[in-house]
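Input: a single structure, listed below in structure tokens.
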Amino acid sequence: ATDVGQHQMWTAQYYPFQAPRTLLTSGGLGTMGFGMGAAIGGCIARGKQKTILFTGDGSFHMNLNEMASAVKHNLPLIVVVLDNKVLGMVRQWQDLFFEGRHSQTTLERATDYVLLAESFGAQGFKATTHTELAEALEEAFAVTGPVIVHCPIDREEKVLPMIPPNCSVDEIILK
């Protein structure tokens, strides 16, 4: 499952899906906060099958209280939080199309997602490199209940390619 933002695009581009009908996403509807409820619902609908939510810190903060539901029902849910401390997709648009004029996209929250997970009764891991992420995911998959994996990322990362507003595919931004 995904929320809305850069993490949604990266998931669509890079996650190695093995079967159809295994991605829960709101598409282009811009519903930040959608992911946690979708992941919980998808997990339950599939008989408590291991479920991964890819989310950003902005989206996750909208419904992180639902970790209480995931813990209460001992759901095998892995929440991967890509934390750039900004609203990444909106900020990317502000950088690319509005001369870097940022408005209401810098969050600078000091959330400790590992402690947050533990405060709900879940497990938490932090990964700052690809190697640490692989290790954290291996450990997370071994856990029977809910897990949060905190992944700090650079706020300047962009998700590409993308088509600028009011443009056609022949004007796509590749780098």
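Being in contact with a Ser or Thr (Cβ under 9 Å, 6 or more places away or on another chain) and under 25 Å from E139 (Cα atoms): is that true of P76 here? So P76 passes the test. Checked against the criterion of being among the polar types (S, T, N, Q) and more than 26 Å from E108 (Cα to Cα), the candidates Q18, Q6 yield just one match: Q18. Please find, within the stretch 25-54, the residue that is most open to solvent (accessible area, probe 1.4 Å) out of those that are more than 18 Å from L82 (Cα to Cα) and β-branched (V, I, T). The selected residue is I44. Could you check Q92 against (1) assigned to a strand (DSSP E or B); (2) in contact with a Lys or Arg (Cβ under 7 Å, 6 or more places away or on another chain) and say which number it fails? Looking at each condition in turn, Q92 falls short on (1).
Taking the stretch 1-29 only, how many residues are part of a helix (DSSP H, G or I) and closer than 11 Å to I52 by Cβ? Qualifying residue count for the region: 1. Tell me, which residue of the stretch 55-74 that is crowded, with 21+ Cβ neighbours inside 10 Å and not charged (D, E, K, R) is nearest to I44 (Cα to Cα)? Checked the stretch 55-74; the qualifying residue nearest to I44 (Cα to Cα) is A70.
Confirm whether E108 is over 15 Å from M67 (Cα atoms) and at pLDDT below 95. For E108, the condition - over 15 Å from M67 (Cα atoms) and at pLDDT below 95 - is met. Taking the stretch 1-24 as the range and being open to solvent by less than 50 Å² (accessible area, probe 1.4 Å), in contact with a helix residue (DSSP H, G or I) (Cβ under 6 Å, 6 or more places away or on another chain) and farther than 17 Å from W93 by Cβ as the test, the residues that pass are A1, T2. Considering the stretch 30-82, the qualifying helices (runs of 4 or more DSSP H), each wholly inside and each with 1 or more residues that are over 16 Å from W10 (Cα atoms) and in contact (Cβ under 8 Å) with a residue 60 or more places away in the chain, run over 67-72. Selection over the stretch 124-175 of residues that are free of Cβ contacts under 8 Å to residues at least 12 places away in the same chain, part of a loop (DSSP other than H, G, I, E, B) and either among the β-branched types (V, I, T) or surrounded by 15 or more Cβ atoms within 10 Å (Cβ to Cβ) (or both) gives a count of 3. Regarding the stretch 6-21, can at least one residue be identified that is basic (K, R) and in contact with a strand residue (DSSP E or B) (Cβ under 9 Å, 6 or more places away or on another chain)? No, that holds for no residue. Scanning the stretch 81-90 for residues that are modelled with pLDDT of 95 or more and either over 17 Å from F54 (Cα atoms) or more than 20 Å from the chain's Cα centre (by Cα) (or both) yields a count of 0. The set of residues from the stretch 98-115 being part of a helix (DSSP H, G or I) and loosely packed, with under 13 Cβ neighbours inside 10 Å comprises just one member, L115.
The values are calculated or read from the model by the stated rules, or taken from the named source; none is laboratory data. The shown structure was predicted, so the numbers you read here are calculated from the model rather than taken from an experiment. When we count neighbours, we look across all protein chains shown, and the Cβ atoms used for this are built from the backbone with ideal geometry, even at glycine. Areas reflect the complete protein model, heavy atoms only, side chains present, ligands, DNA and RNA absent. Shrake-Rupley method; radii C 1.70, N 1.55, O 1.52, S 1.80 Å.
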